[in-house]
Amino acid sequence: MSFLRNLFKSKSKHADITICGLDDAGKTTILRYLETGEFVETTPTMGVNRETLHLPNLQINVFDLAGQEDFRNMWHSINEKSDGIVFVVDRSNAMRFEEAKNVFQQTVSAQLGNELNILVLLNKSDVTDVIEKTQFIEEFNLLDLPFKWAVFETSAKTGEGIFDAFKWFVEEFMG
Ligand code: G3D
Ligand code: MG
């Protein structure tokens, strides 16, 4: 947890962050990387789509958002007080871009009127044959997004981009 601890050491404000995205995007692996500073193998959580990391001034909630039929109800109960959303996409899985895009759009439209930052992680950047960042921004209509947002290219295997992404994110809402 050294990275996150250091980032929050000088902050007294409490923050709630929600990490979401389709199952298998790499959310749990990213969380473990933030905790340990290295790649950790994960096992898919059966039947539970929620995990939480508690630090002194920071709580991180992780949710799988695939196949949620009553998305709005679930979203409302879990995320209304979030200070920021991290949306993780497996950039190597073209088969699921459409599904990811739909879930992303539901996620952000549920937040209209709220003031929060959205961090998009193009994860699995270590894999060859991935969607390009510029193409992704276009396909997911990020330029039309009525929020402050950023996209970072990450790998929870090599650690590429992860610390930079969260540094941007935390500094944006913690000041
Ligand atoms: P989830 O929490 O979003 O459901 P996980 O996803 O964190 O459980 O990761 C799902 C699988 O993707 C895991 O592999 C994990 O090791 C892998 N993964 C996560 N991030 C990366 C990445 O950046 N690069 C690569 N190459 N793989 C990644 P398994 O094999 O255990 O299913
Ligand atoms: Mg998981």
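The values are calculated or read from the model by the stated rules, or taken from the named source; none is laboratory data. Since we're looking at a predicted model, the values are computed, not measured. Cβ sites come from the backbone with ideal geometry, for glycine too, and all protein chains shown count toward neighbours. The area values use the complete protein model at the heavy-atom level, side chains included, leaving out ligands, DNA and RNA. Shrake-Rupley method; radii C 1.70, N 1.55, O 1.52, S 1.80 Å.
From the residues in the range 111-131 that are away from ligand 1 (no atom under 12 Å from the Cβ) and outside any loop (DSSP other than H, G, I, E, B), which one is modelled with the lowest pLDDT? Result: Asn117. For the range 138-154, a residue qualifies if it is part of a helix (DSSP H, G or I) and open to solvent by 30 Å² or more (accessible area, probe 1.4 Å), and the qualifying residues are Glu138, Glu139, Leu143, Asp144.
Looking only at the range 11-33, how many residues end up being under 12 Å from the mean Cα position of the chain (by Cα) and assigned to a helix (DSSP H, G or I)? The total comes to 5.
Tell me, yes or no, whether the range 69-80 has at least one residue that is surrounded by 15 or more Cβ atoms within 10 Å (Cβ to Cβ), at pLDDT 85 or above and more than 25 Å from Phe163 (Cα to Cα). No, the range 69-80 has no match at all.
The C-beta contact set for the range 29-40 (first residue within 18 Å of Leu55 (Cα to Cα) and touching a residue at least 24 places away in the same chain (Cβ under 8 Å), second residue in a loop (DSSP other than H, G, I, E, B) and among the small types (Gly, Ala, Ser), distance under 7 angstrom, 6+ apart or interchain) comprises Thr29/Ala156; Ile30/Ala156; Tyr33/Ala156; Tyr33/Gly159. Residues in the range 154-169 that are of a type in the set (D, E, K, R) and farther than 15 Å from Thr28 by Cβ were compared, and the one that is nearest to ligand 1 (Cβ to nearest atom) is Glu160. Of the residues making up the range 158-175, those that are within 16 Å of the chain's Cα centre (by Cα) and open to solvent by 60 Å² or more (accessible area, probe 1.4 Å) are Glu160, Phe163, Asp164, Lys167, Glu171, Glu172. Counting just the residues of the range 92-110 that are outside any helix (DSSP H, G or I) and within 15 Å of ligand 1 (Cβ to nearest atom), which one comes out farthest from Asp23 (Cα to Cα)? The extreme case among them is Ser92.
Checking each residue in the range 155-175 for being part of a helix (DSSP H, G or I) and not basic (Lys, Arg) picks out Ile162, Phe163, Asp164, Ala165, Phe166, Trp168, Phe169, Val170, Glu171, Glu172, Phe173, Met174.
Could you look through the range 132-146, keep only residues that are at pLDDT 95 or above and among the charged types (D, E, K, R), and pick out the one that is nearest to ligand 1 (Cβ to nearest atom)? Top of the filtered list is Lys133. Of all residues in the range 123-151, those being touching a Lys or Arg at 6+ places or on another chain (Cβ under 9 Å), within 13 Å of Val86 (Cα to Cα) and hydrophobic (A, V, I, L, M, F, W, C) number 1.
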